[in-house]
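Peer 1: Below you'll find the structure I mean.
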Amino acid sequence: MKTPAIVINFKAYPQVVGEKGLELAKLCDSVAKKNNVEIVVVPQMVDLGLIVKSVDIPVFSQHVDPVEPSGKTGHVTPESVKGVNASGTLINHSEKRMRIADIDSAVKKCREIGLETIVCSNNLDVSKACSLTNPDFVAVEPPELIGGDVSVTAANPEIVKTTVNEIKKINPNVKVLCGAGVKNGNDVKKALELGAEGVLLASGVVKAKNQKDVLEDLIKGI
Ligand code: G3P
């Protein structure tokens, strides 16, 4: 995934179930191509393979379990995500927390098989710990701002700036994204000014009355 990037997590929202998820992914694909910007989609798990086949932009999984392909039920192995040609995965999202040992195993497995990783974190200390697992990205998202109307870039710009600076000292290979409450191009612009290399957002796009208008506004911040 190239940066600066706008990463859109479809979560488990009803607005993107079935055909509607595919439509949003195609819309992101067309806005990205038309404007030559990096938009990454993170669809619902059941749509992953179909959406990878239907768009050219990077498609990420919402989660992977650190388990070997074996007699397991209900798990998502990194190999199964790679198997449908997805580009990468979120790990440790606020709504799907994992233990640090499991984050570490998942990141290592993904790196080994060629899946990019975005490890989510809730604060500076956790971001620093996660950067030691050597993911491609750490996405800092204060949980209290997730799904709300105030962007992390306005409510807590300091956490974005400090996370960028501290992670650079620990592991300069890790890029930082920020998220929670991001809704428009100004929020994206501010995120980049604070040193982030992109944003991770969900409700601002998925729940919008006009998803195209929001996408076109978001990319103005790049
Ligand atoms: O994964 C993105 C996320 O947790 C932020 O959600 O709705 O605040 O953009 P939202």
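Peer 1: Please list log₁₀ I(q)/I(0) at q = 0.13, 0.18, 0.22 Å⁻¹ for the range 18-101, using the Debye equation with identical point scatterers on the alpha-carbon positions.
Peer 2: So the normalised log intensities are -0.44, -0.78, -1.04.
Peer 1: What is the count of Lys pairs in the range 88-181 whose alpha carbons sit under 15 Å apart, if the two are 8 or more places apart or on different chains?
Peer 2: Going through the range 88-181 pair by pair, I get 6.
Peer 1: Continuing with the same structure: Per residue and in cubic angstrom, what volume does the convex hull of the Cα atoms of the range 88-179 have?
Peer 2: 80 Å³
Peer 1: Treat every Asp and Glu Cβ in the chain as -1 and every Lys and Arg Cβ as +1, leave all other atoms uncharged, and give the resulting dipole magnitude about the Cα centre to the nearest 20 debye. Intermediate values should be presented prior to the final figure.
Peer 2: Details: 27 positive and 27 negative charges, 37 e Å.
The dipole of the chain has a size of about 180 debye.
Peer 1: Another question, then. Would you mind pulling out the separation of the Cα centroids of the range 150-222 and the range 33-74, in Å?
Peer 2: Cα centroid to Cα centroid, the span is 21 Å.
Peer 1: With n ≥ 4 as the cut-off for DSSP H runs, can you work out [θ] at 222 nm for the chain, using -39500 (n - 2.57) per run divided by the number of residues, rounded to the nearest 500?
Peer 2: The per-residue figure over the chain is -11500 deg cm²/dmol.
Peer 1: Another one. Which translational diffusion coefficient, to the nearest whole µm²/s, is obtained for the range 1-56 from the Stokes-Einstein equation, given a Kirkwood hydrodynamic radius over C-alpha pairs, 20 °C and 1.002 mPa s?
Peer 2: In µm²/s, the coefficient rounds to 189.
Peer 1: Could I ask something else about it? Given a 1.4 Å probe, how much area per residue of the chain is accessible, in Å²?
Peer 2: Counting only protein heavy atoms, the per-residue value for the chain is 44 Å².
Peer 1: What are the aspartates and glutamates whose alpha-carbon lies under 13 Å from the alpha-carbon of Lys11, with same-chain residues fewer than 8 places away excluded?
Peer 2: Of all the aspartates and glutamates, those that pass the test against Lys11 - Cα under 13 Å, at least 8 places apart if same chain - are Asp47, Glu95.
Peer 1: Considering every Cα-Cα pair within the chain, what fraction, in whole percent, is farther apart than 21 Å?
Peer 2: Value for the chain: 50 percent of Cα pairs lie more than 21 Å apart.
Peer 1: In addition: Counting only protein heavy atoms, what percent of the accessible surface of the chain is carbon or sulfur at a 1.4 Å probe?
Peer 2: Of all accessible area on the chain, carbon and sulfur atoms account for 49 percent.
Peer 1: How big is D, in µm² s⁻¹, for the range 38-157 by Stokes-Einstein at 25 °C and 0.890 mPa s if Rh is the Kirkwood radius over C-alpha pairs?
Peer 2: 165 µm²/s
The values are calculated or read from the model by the stated rules, or taken from the named source; none is laboratory data. Note that the structure is predicted; figures quoted are calculated from it, not measured. Every residue, glycine among them, receives a Cβ derived from its backbone with ideal geometry; neighbour counts consider all protein chains shown. For accessibility, only protein heavy atoms count, side chains too; no ligands or nucleic acids. Shrake-Rupley method; radii C 1.70, N 1.55, O 1.52, S 1.80 Å.
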